[in-house]
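The values are calculated or read from the model by the stated rules, or taken from the named source; none is laboratory data. Fair warning: this is a prediction, and the values are worked out from it, not measured in the lab. All Cβ positions, glycine included, derive from the backbone under ideal geometry; neighbour counts span all protein chains shown. Surface areas here come from the heavy atoms of the whole protein model, side chains and all, with no ligands, DNA or RNA. Shrake-Rupley method; radii C 1.70, N 1.55, O 1.52, S 1.80 Å.
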Amino acid sequence: MTDGTGPLHGIRVLDLATLFAGPMAAMLLGDYGADVVKVEHPRRPDPSRGHGAAKDGVSLWWKVLGRNKRTTAIDLSTEEGQELLVELAAGADVVIENFRPGTLERWNLGYDRLSTANPGLVLARVTGFGQSGPYARRPGFGTLAEAMSGFAAMTGEPDGPPTLPPFGLADGITALATAFAVMTALRGREESGLGQQIDLSIIEPILTVLGPQPTVYDQLGEVPERTGNRSRNNAPRNTYRCADGSWVAVSTSAQSIAERVMRLVGRPEPIGEPWFATGAGRAAHADELDAAVAEWIGARPREEVLAAFEEAQAAIAPVYDVADLMEDPQIKALEAITEVDDPELGPLRMQNVMFRLSRTPGAIRWAGTGHGADTDALLGALGCTAAEIAALRAEGVVK
């Protein structure tokens, strides 16, 4: 960072959420300078600490998700814990939570109480199905949103089952939406001086990015079918196997690119056909176009294919696994993967901040830390003495 703070310096965020959508939103805000305090349960930490791969008993997912966060552990079901949370919220700008609707209210931590202590507080409530409606109290996860949004129904091969992503897609999209919603609410506070609640279900952001499906159904009665790696909007568009067994992906969203691809593979004849002039027309002839492209690519190793497409100014990319990605020169040039010094694991690489700002860039200041690592400092800043903190710890209120 050029000034050692970041553009969100001065914004305090309390991250009460678990697993991915809420905590990732807090991570994104922390990447650009927000002071993020992760609040976990003393005996039941965020499940992401035990999710996925670990090294020497240390969660690698948490090292990413917990980066740039100070951590404390408070039992919010106790009166003492509730008082501490209200004190923390009084000095915060944002609280992010993902408990089932009514949970904060049951703990006497609803927005009425929090906003009384801090009228400018923004409370982001991220749940599976939102704060109201017949499904509001159901447990909700990204997988359910991927299923109900229409994503799974349109993903996979035409003769195969609906397909779910092998990672938290809906959660990640929701994290981006939550960070945007928080910044929108903070901008509104600049005008009014007042905070507000954000009601965000995991299903809505992924529904938004799936495109105009509801409008198409409303106006035309059409339900999209699974097309595998093909697109109903253009062709050729697919993954293709090279002679050396590796794979590439080709896209022809622009008419000029589609023409260049067909000339490159030695099959310019379709270019003169009336149907070739539109993406939908090409998609209707995907079998013919795919066969030509697949035959040409399948006869050559990947490096030769990539070089030929680049020379022809046609759109192509290698299909990478993570090992390939880490060595790609463009990824290195962007510094999309960065190295962070960690006291537990030493140097470790992870995704860098998501975008580059020319004057006030973000930064990863530290990777995820231990459960309750900053409790003493945070409660001490509230005026708690060492003896009081020790008593709370002995009672199980904090860790």
Length gained, ASP244-LEU382, 0.36 nm per residue minus C-alpha separation, equals 43.4 nm
Between region 328-399 and region 78-110, what is the separation of their alpha carbon centroids in Å? 22 Å
Using θ = phi - 60° and Karplus 6.51 cos²θ - 1.76 cosθ + 1.60, couplings along region 347-352 (whole Hz; Gly, Pro as x): x, 9, 9, 7, 4, 7
Global size of region 225-308 as Cα Rg and Dmax, reported in angstrom: 12.1, 36
For n ≥ 4 DSSP H runs only, could you compute -39500 (n - 2.57) per run for the chain, divide by its residues and tell me the 222 nm figure to the nearest 500? -11000 deg cm²/dmol
Probe radius 1.4 Å, ligands and nucleic acids ignored: give me the carbon and sulfur share of the accessible area of region 1-132 as a rounded percent. 51 percent
What do you get for the angle between helix 21-31 and the principal long axis of the chain? Use alpha-carbon atoms, 0 to 90 degrees, nearest ten. 80 degrees
More than 21 Å apart - percent of Cα-Cα pairs taken over region 198-262: 49 percent
Any number yet on Rg/Rh for the chain, C-alpha, Kirkwood? 1.05
At q = 0.17, 0.21, 0.24 Å⁻¹, what is the base-10 log of I(q)/I(0) for region 314-399 according to the Debye formula with one equal point scatterer per Cα and no solvent? Please give it to two decimals. -0.86, -1.04, -1.16
Using amide H atoms built 1.01 Å from N in the peptide plane, name the residues 5+ places from LEU123, or on other chains, whose amide H lies under 5 Å from its own. VAL95, GLN196, GLN197, ILE198
Write down Rg/Rh for region 110-231, rounded to two decimals, with Rg from the C-alpha atoms and Rh from the Kirkwood relation over Cα pairs. 1.08
Let me understand region 1-47 better: what is its radius of gyration from the alpha carbons, and its Dmax, in angstrom? 11.9, 39
Go through region 179-196 residue by residue and turn each phi into a ³J(HN,Hα) via Karplus (6.51, -1.76, 1.60, θ = phi - 60°); whole Hz please, and just put x for glycine and proline. 4, 5, 4, 4, 5, 5, 5, 5, 5, x, 5, 4, 7, 9, x, 10, x, 6
Using the C-alpha atoms of region 160-250, what convex hull volume per residue, in cubic angstrom, is computed? 179 Å³
Per residue, how big is the convex hull of region 244-399 when only Cα atoms are used? Give it in Å³. 229 Å³
Each residue of region 83-92 in order: what ³J(HN,Hα) in whole Hz does its phi give by Karplus 6.51 cos²θ - 1.76 cosθ + 1.60, θ = phi - 60°, with x for Gly and Pro? 4, 5, 5, 4, 5, 5, 5, 4, x, 9
Which values, in whole Å and largest first, are the semi-axes of the equivalent ellipsoid of region 46-106 obtained as the square root of 5 times each eigenvalue of the Cα gyration tensor? 27, 14, 12
Which three lengths, in whole Å and largest first, does region 1-158 cover when its Cα atoms are put on their principal axes? 54, 42, 32
For SER132 and ARG232, extending 7 Å from Cα along the Cα-Cβ vector and measuring point to point gives, in nm, a value of 3.3 nm
Beyond 24 Å, what percent of the Cα pairs of region 75-182 remain? 39 percent
Give me the one-decimal nm value for the distance between modelled label points at ASP287 and VAL86, 7 Å along each residue's Cα-to-Cβ direction. 7.0 nm
Would you mind getting the accessible area per residue of region 190-283, heavy atoms of the protein chains only, 1.4 Å probe, in Å²? 57 Å²
